[in-house]
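One structure is given here, and the rest of the page talks about it.
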Amino acid sequence: MTGGKRCARCRRGTDEPVMIGAVEAGSGPGAILYACPPCARAYAEKWYAPDWLRAELAVRETAAEGEDAEGRAPDGAGVVDTEP
């Protein structure tokens, strides 16, 4: 770990933190919970995991494969120009 976050599940450091939740507080500061990618994937499978977590992981995995959320390569390859 080179300055990342600590995983809320396994307690190891990670340079690729994934937000898995937010703790709201009535008084004082709340907290954001982060997990390493493997723990975030495992947590996302739980019934009590927030729905947005699955979507966030899907976007991250698509980006890691070299495509954006719409299936285009980062340099725009595969985009068809329909304008004449």
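Every read-out reported here was derived from the displayed coordinates using simple, explicitly stated rules and does not represent laboratory data. The structure presented is a predicted model; accordingly, all values stated were derived computationally and were not measured. Neighbour counts run over all protein chains shown; Cβ positions are idealised from the backbone, glycine included.
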Task: Whole-Hz ³J(HN,Hα) from phi, Karplus 6.51 cos²θ - 1.76 cosθ + 1.60, for segment 10-19, glycine and proline x - done: 9, 6, 8, x, 9, 8, 10, x, 10, 5
Task: Neighbourhood charge, 11 Å Cβ-Cβ cut-off, centred on L33 and excluding it, Lys, Arg +1 and Asp, Glu -1 - done: +3
Open item on the list: Taking the number of other C-beta atoms within 10 Å as the exposure measure, put I20, I32 in order starting with the fewest.
Closed with: I32, I20
Task: Interchain or long-range residues, amide H under 5 Å from L33's placed H - done: I20, G21, A22, V23
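Taking all pairs of different Cα atoms in segment 5-64, averaging 1/r and flipping that mean, what Kirkwood radius in angstroms comes out? Please list the in-between numbers first.
Working: mean 1/r = 0.0831 Å⁻¹.
Across segment 5-64, the inverse of the average 1/r is 12.0 Å.
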Task: Environment charge at L53 (Cβ cut-off 11 Å; Lys +1, Arg +1, Asp -1, Glu -1) - done: +1
